Amino acid sequence: MSRTGENKLVEKWVPTGYECDCCHKKVSSGDLPKGWKSFSAGHGEWGNDSHESYNNYDVCSFYCYVSLFTEEYERLKDEDSGVIDHCDMTYAGSLVTYIKTAWNE
Ligand SMILES: [Zn+2]
């Protein structure tokens, strides 16, 4: 038996750059550019939502980082096992409070 086939055009997803998950600025780059940061946030509670609770972010600046970090803190603050960029909720809460205080001065 011989294999048979036909010519087909195949579409393939190819990474072309990064988009900031906060301000949606885009860059064409193979690697995360300097000044950008990747982080994740989620919680480890039992059930299906633990895996689904994890969000991965790429952000273009410290300001976008703080903005999403604060949003994630508000989402996860009642979860004992919540983690944002390797910070537990106690540490994350102190950081958010400190930044809010410092930026309002
Ligand atoms: Zn941004």
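No value in this document is a laboratory result; all are computed from the given coordinates. Values in this document were obtained by computation on a predicted structure and should not be read as measured data. With ideal geometry, Cβ positions are generated from the backbone for all residues, glycine too; neighbour counts draw on all protein chains shown.
Going residue by residue through the range 19-32, is there one that turns out to be crowded, with 17+ Cβ neighbours inside 10 Å and not acidic (Asp, Glu)? Yes, the range 19-32 contains at least one residue that is crowded, with 17+ Cβ neighbours inside 10 Å and not acidic (Asp, Glu). Which condition from (1) among the small types (Gly, Ala, Ser); (2) under 30 Å from residue 103 (Cα atoms); (3) away from the ligand (no atom under 16 Å from the Cβ) is the one that residue 67 breaks? So the condition that residue 67 fails would be (3). For a quick check of your reading of the model, give me the residue pairs whose first member lies in the range 82-94 and is touching a residue at least 12 places away in the same chain (Cβ under 8 Å), whose second is surrounded by 17 or more Cβ atoms within 10 Å (Cβ to Cβ) and small (Gly, Ala, Ser), with beta-carbon atoms closer than 6 Å and at least 6 apart or on different chains. From residues that are touching a residue at least 12 places away in the same chain (Cβ under 8 Å), the pairs are 84/41; 84/92; 89/82. For the range 65-87, the set of residues classified as of a type in the set (D, E, K, R) and within 12 Å of residue 40 (Cα to Cα) consists of 72, 85, listed by residue number.
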